[in-house]
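Data first, discussion second: the structure below is written as structure tokens.
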Amino acid sequence: MTVQPPDNTTEVREAHRFDERALERWLADRIEGLEPPLNVRQFEGGQSNPTFWLGAGERAYVLRKKPPGELLPSAHQVEREHRVMQALQDTDVPVPIMYALCEDDAVIGTPFFVMQYLEGRLFWDVRLPDLGRDERAAIYEELVRVLAALHSVDYEAVGLGDFGKVGGYVARQVRRWSDQYGKSRTDDHPAMEALIAWLPQNVPDSDETSLTHGDYRLDNILFHPTEPKALAVVDWELSTLGHPLSDLAYTCMLYDVELPKIGGLKGVDFEATGIPSEQQLLERYRQLTGRSAIADWPYFKAFSLFRLASIAQGVYKRSIQGNASSPEAHMYGAAVPFLAQIACDLVGVKP
């Protein structure tokens with residue numbers, strides 16, 4: 001029986017086509033039992049690194065590659081994604097099995113890796129409208145549990161001691177995303193300029209380091225088809241050694257925003273829906289990680305919104321250039337001033 005592609009795939013988009021036979025030849029030497037020919041389909045969604053479903057006989061795989069075209073120097077690092085997921089194989093953080101990494105542009109045009117394909121559920125709408133109250137609560141409990149597990153990983157023990165710098169993460173990230181925003185700027189946004197001035201002058205004194213995902217949110221977790229259990233955390237492009245509260249704040253932006261396709265939790269009746277309030281989620285994280293408190297919370301939230309706005313600006317710039325991973329990338333231009341203004345409001349900064 002030949003494996004069939006999932007419903008959330010399409011034909012490979014014109015801008016992302018590559019030599020499928022060259023890929024087939026390369027994989028045949030590296031994945032035991034691979035049955036050609038490959039059936040290649042592109043997953044819908046994904047704003048950064050295009051992702052593909054590979055069918056080969058009765059087995060399926062996932063390929064993730066850098067996009068074509070001119071790229072920012074530190075962006076789209078699929079090599080880092082592969083490395084961190086490989087390192088987390090035997091931890092409490094669920095990740096797919098890694099099969100192969102190719103850093104040679106000559107094979108299909110850009111570096112890529114191939115990993116295990118897992119059948120499960122992705123929740124794009126954070127309000128989980130199709131689930132009942134108890135399952136919503138269980139899904140969010142799992143969301144927090146896995147994040148706490150990630151921040152509890154001994155990164156040196158799993159071979160990631162050099163995966164980033166220890167200490168000073170927030171200040172470096174403010175500089176990095178200010179620079180990335182500058183390189184991708186297409187319009188003037190006073191709120192972004194205000195944050196670029198304010199954030200480096202108000203970095204919290206407290207500092208700590210853990211392994212961080214960098215884009216930890218509900219739709220980057222593949223859940224079991226019928227159970228509120230995480231099968232795999234994906235999209236590790238922005239992972240590094242960083243401040244754990246930056247990951248937590250990025251997740252908790254849901255409580256302040258409405259985003260394209262993802263939605264938001266602003267105005268939700270938490271008691272009725274079973275979704276935890278922000279304070280309940282923070283308290284559960286604090287318990288799971290053994291922290292005494294969560295300090296400087298408004299700053300971390302504002303910083304995370306600023307970073308997301310910078311990412312959105314990059315997606316929008318790629319849409320103008322014609323090499324974004326999603327045909328809906330043009331929508332992200334409007335998100336930039338919206339997110340930046342929310343960040344300014346949280347910390348009392350006037351553009």
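The values are calculated or read from the model by the stated rules, or taken from the named source; none is laboratory data. Remember, predicted model here, so these are calculated numbers, not experimental data. When we count neighbours, we look across all protein chains shown, and the Cβ atoms used for this are built from the backbone with ideal geometry, even at glycine.
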Review point. What tally of residues in segment 195-213 results from selecting those that are surrounded by 19 or more Cβ atoms within 10 Å (Cβ to Cβ), closer than 16 Å to LYS301 by Cβ and not polar (S, T, N, Q)?
Key: 3
Review point. Any chance segment 115-137 includes a residue that's part of a helix (DSSP H, G or I) and closer than 27 Å to LEU241 by Cα?
Key: no
Review point. Just checking, which of LEU63, LEU101 is modelled with pLDDT of 90 or more, aliphatic (A, V, I, L, M) and more than 30 Å from ILE320 (Cβ to Cβ)?
Key: LEU101
Exercise for review: Could you pull out the residue among ALA249, ALA232 that is surrounded by 18 or more Cβ atoms within 10 Å (Cβ to Cβ), aliphatic (A, V, I, L, M) and in contact with a Leu (Cβ under 6 Å, 6 or more places away or on another chain)?
Suggested key: ALA232
Exercise for review: For segment 184-191, indicate whether the set of residues that are touching a strand residue (DSSP E or B) at 6+ places or on another chain (Cβ under 9 Å) and buried (at least 18 other Cβ atoms within 10 Å of the Cβ) is non-empty.
Suggested key: no
Review point. Is it true that some residue in segment 279-291 is out of contact with any helix residue (DSSP H, G or I) (no Cβ under 6 Å at 6 or more places or on another chain), hydroxyl-bearing (Ser, Thr, Tyr) and more than 27 Å from ALA309 (Cβ to Cβ)?
Key: no
Check your understanding: Quick check: is even one residue across segment 90-107 acidic (Asp, Glu), closer than 29 Å to LEU245 by Cα and in contact with a Gly (Cβ under 8 Å, 6 or more places away or on another chain)?
Key -> no
Check your understanding: Would you call GLY242 out of contact with any Leu (no Cβ under 7 Å at 6 or more places or on another chain) and exposed (fewer than 15 other Cβ atoms within 10 Å of the Cβ)?
Key -> no
Exercise for review: Please determine, by comparing only the residues of segment 221-240 that are hydrophobic (A, V, I, L, M, F, W, C) and touching an Asp or Glu at 6+ places or on another chain (Cβ under 6 Å), which one is farthest from ASN49 (Cα to Cα).
Suggested key: ALA230
Check your understanding: How about segment 298-327: which of its residues are at pLDDT below 75 and either over 29 Å from PHE52 (Cα atoms) or under 17 Å from the mean Cα position of the chain (by Cα) (or both)?
Key -> ALA324, SER325, SER326
Practice item. Would you check if HIS151 is within 15 Å of VAL93 (Cα to Cα), in contact (Cβ under 8 Å) with a residue 24 or more places away in the chain and surrounded by 14 or more Cβ atoms within 10 Å (Cβ to Cβ)? Key: yes
**Study point:** Considering residues of segment 14-62 that are within 21 Å of the chain's Cα centre (by Cα) and among the hydrophobic types (A, V, I, L, M, F, W, C) only, the residue nearest to GLN313 (Cα to Cα)
**Key:** PHE43
Check your understanding: Among the residues of segment 72-85, is any over 30 Å from ARG175 (Cα atoms) and part of a loop (DSSP other than H, G, I, E, B)?
Key -> no
Review point. Using beta carbons and a limit of 6 Å, which pairs, at least six apart or on different chains, have the first residue in segment 156-175 and crowded, with 17+ Cβ neighbours inside 10 Å and the second one of a type in the set (A, V, I, L, M)?
Key: VAL158/ALA87; LEU160/ALA87; PHE163/LEU241; GLY164/LEU241; VAL170/VAL203; VAL174/LEU199
Check your understanding: Which of the residues belonging to segment 9-41 are part of a loop (DSSP other than H, G, I, E, B), touching a residue at least 40 places away in the same chain (Cβ under 8 Å) and not aromatic (Phe, Trp, Tyr)?
Key -> VAL12, ARG13, ASP19, ARG30, ILE31
